[in-house]
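The values are calculated or read from the model by the stated rules, or taken from the named source; none is laboratory data. Just so we're clear, the structure is a prediction, and the values are computed from it rather than from any experiment. Cβ coordinates were reconstructed from backbone atoms using ideal geometry, including for glycine residues, and neighbour counts include every protein chain displayed. Please note that ligands, DNA and RNA were not included when accessible areas were found on the heavy atoms of the full protein model with its side chains. Shrake-Rupley method; radii C 1.70, N 1.55, O 1.52, S 1.80 Å.
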There are 2 protein chains.
Amino acid sequence: MILTVTLNPALDLTYTVPELKRHAVCRVSDVRVQPGGKGLNVARVLRSMGTPVLATGLLGGSTGEQVRCLLEDKAVLHRFAPIEGDTRRTVVVADKPGVTSLWEPGPMVTDKEWAAFLALFNGLSASAATVVLAGSLPQGLPPDAYATLIDMAHANGALTVLDADGLALRHGLKAGPAVVKPNAAELAAATGLSIETPSGAAQAAQLLRADGARTVVSSLGSSGLIVSTTEQTLHARPPRSLNGNPTGAGDAAVAAIANGITRGAGWSDIATDAVAFSAAAVVASTAGEVCFDTARDIRPHITVNQLPGV
Amino acid sequence: MILTVTLNPALDLTYTVPELKRHAVCRVSDVRVQPGGKGLNVARVLRSMGTPVLATGLLGGSTGEQVRCLLEDKAVLHRFAPIEGDTRRTVVVADKPGVTSLWEPGPMVTDKEWAAFLALFNGLSASAATVVLAGSLPQGLPPDAYATLIDMAHANGALTVLDADGLALRHGLKAGPAVVKPNAAELAAATGLSIETPSGAAQAAQLLRADGARTVVSSLGSSGLIVSTTEQTLHARPPRSLNGNPTGAGDAAVAAIANGITRGAGWSDIATDAVAFSAAAVVASTAGEVCFDTARDIRPHITVNQLPGV
């Protein structure tokens, strides 16, 4: 079983409007409501792949209850710890040709709530082959929250995949996660290097490995991804760039990675799957969803090359 | 008891952002969640006045459940009929110096749900001295929905106050409500006249009276309000215009009107109260709330003049 951790989930509202005009009334023509947060997107992709998955994390208030109901609608198994604060909403207003996002600040988590989650997580991770930790930390949690969870997961014999940013990533690295999956911007922010080329990404990834990550998978959008392990550096790339919604492509890649390391696949296979499912997420209209036809069609055309050691 | 009817309530989310930038991510610094819809604002003002009030209407889905919980937090008695569709949200994004509003379309109400509400309303209005019908109609309801309710309320011996716009107002007039309360824009839309002056408003009000309204109270913002009855035309005005948030001022006026006609007050008194509570709502930051100190302080300085008959 793969356990996904979402400490700061959201109720994602996507509004379609003809045009977002500032200081005016905009009538929303279409409303989509989705469970949000990277870990929940990963769980939904794994679930649609048919991989056994359990979603955990923190949920609170009536908005948290709405997220819970949506997970049930989508048949995603879950076991969340309750918090007093309200789970946040994100409002994405889509007008041609772009989107405007409104991000609520999210709840404040108390020490007691965090301690209760750690006890729950300890039990759940003991039954997990792989634990995915993805997304931002809510207010109130220590910046090394992911490191604590990774240590616990490792003590329970699970593999770990971390998809985080900024301080949460930097602290998480120290616990030696099996895989971290930064995108180019996160890799640049974490290392201070500018990521212009695949070999630049490979170099930056070495720094994250020196800081504790066993394997770094850097996602570079339409340039594919770079896998940096102790033994090799691979560059997997799609045959072409796809039109669509890149939101959720990274989450689909994380799902493929977690699935691959759980079944003991080689990195060339895993990288190919991760690129295929990223493409399949770009074509799907919503984060957390993938188009299986796209994944199947594109897979034979994905190239994987060894990069020279850096 | 005053019964308020809100057929298209909302969960009102107010987001404070430094600046709403189109096609960017805006982090929300403050989130306010309120029960929304004109009828619910009227109910909240009446409740804070200490007047016995019951809120009814249609609520559906998990967003409807959130509205119900908020009414309980605010100790507003309620008895809503359930619907299958989801109660809408409205998102108001406040940045200096204005607000941008996103209005969800709201649920579709079925004939069966409407019939069930009519049965509920018939029972509730039999115990009501006055019925307030305020706000827009959800999709699926006939345009004469308010006329049906007004007929039923009158048959049950209740007085009626209608605060509606467009077709819902035009159809509602035919049932002869005791009071309608258009603002200048609604009065202009309903009559085709331009409302530039208090006497212009009085003339337009005569047309609404000819169409069935017994008394018309036209709210004209900082110019106060015009009361047009069979016997007289009154102009009540505040001593000065107040800075603040005009949203909800009309609802506070409706609350004062409903309160006044219920206790059999004269129109000069009612008009004074309506102006005082409108001002008290402008000073309060949120629709549905009023500042009692403002109402008390401003009341002695409100002037009421007889306008020549039109």
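Of the strands (runs of 3 or more DSSP E) contained entirely in region B:222-310, those carrying at least 3 residues that are in contact with a helix residue (DSSP H, G or I) (Cβ under 7 Å, 6 or more places away or on another chain), within 23 Å of residue B:208 (Cβ to Cβ) and open to solvent by less than 40 Å² (accessible area, probe 1.4 Å) fall at B:225-228, B:233-237.
Filtering region B:138-167 to residues that are over 17 Å from residue B:254 (Cβ atoms) and aliphatic (A, V, I, L, M) leaves B:141, B:145, B:147, B:152, B:155, B:167. Pairs linking a residue in region B:141-164 that is farther than 15 Å from residue B:215 by Cα to a residue that is open to solvent by 40 Å² or more (accessible area, probe 1.4 Å) and among the basic types (Lys, Arg), with Cβ atoms under 9 Å and 6 or more positions apart or on different chains, are B:143/B:170; B:144/B:174; B:147/B:174.
Selection of region B:86-96 for residues being more than 8 Å from every other protein chain (Cβ to nearest Cβ), of a type in the set (A, V, I, L, M, F, W, C) and more than 14 Å from residue B:37 (Cβ to Cβ) yields only B:94. Of the residues B:28, B:99, which is in contact with a Phe, Trp or Tyr (Cβ under 9 Å, 6 or more places away or on another chain) and within 11 Å of chain A (Cβ to nearest Cβ)? Just one listed residue meets the conditions, B:28.
Within region A:10-19, one or more residues are away from chain B (no Cβ under 11 Å), open to solvent by less than 30 Å² (accessible area, probe 1.4 Å) and either in contact (Cβ under 8 Å) with a residue 40 or more places away in the chain or not in a strand (DSSP E or B) (or both). Only residues that are among the polar types (S, T, N, Q) and open to solvent by less than 40 Å² (accessible area, probe 1.4 Å) were counted across region B:159-211, and they come to 2.
Would you mind stating whether residue B:107 is farther than 23 Å from residue B:285 by Cα, touching a residue at least 24 places away in the same chain (Cβ under 8 Å) and within 14 Å of chain A (Cβ to nearest Cβ)? It is true that residue B:107 is farther than 23 Å from residue B:285 by Cα, touching a residue at least 24 places away in the same chain (Cβ under 8 Å) and within 14 Å of chain A (Cβ to nearest Cβ).
So is residue A:300 without any contact (Cβ under 8 Å) to a residue 40 or more places away in the chain and on the phi < 0 side of the Ramachandran plot or not? Yes; evaluated as a whole, the condition is true for this residue.
Residues in region B:31-62 that are without any contact (Cβ under 8 Å) to a residue 40 or more places away in the chain and within 14 Å of chain A (Cβ to nearest Cβ): 3 in all.
Kindly provide the set of residues from region A:124-147 that are open to solvent by 50 Å² or more (accessible area, probe 1.4 Å) and more than 14 Å from chain B (Cβ to nearest Cβ), ordered by number. Within region A:124-147, A:126, A:127, A:143, A:144 meet the criteria. You will find that of A:51, A:56, A:63, the residue that is in contact with an Asp or Glu (Cβ under 8 Å, 6 or more places away or on another chain), open to solvent by less than 40 Å² (accessible area, probe 1.4 Å) and among the β-branched types (Val, Ile, Thr) is A:63 and no other.
For region A:292-308, the set of residues classified as over 23 Å from residue A:201 (Cα atoms) and of a type in the set (A, V, I, L, M, F, W, C) consists of A:292, A:295, A:298, listed by residue number.
Take residue A:22 and decide whether it is open to solvent by 60 Å² or more (accessible area, probe 1.4 Å), free of Cβ contacts under 8 Å to residues at least 24 places away in the same chain and either hydroxyl-bearing (Ser, Thr, Tyr) or touching a Lys or Arg at 6+ places or on another chain (Cβ under 8 Å) (or both). For residue A:22, the condition - open to solvent by 60 Å² or more (accessible area, probe 1.4 Å), free of Cβ contacts under 8 Å to residues at least 24 places away in the same chain and either hydroxyl-bearing (Ser, Thr, Tyr) or touching a Lys or Arg at 6+ places or on another chain (Cβ under 8 Å) (or both) - is met.
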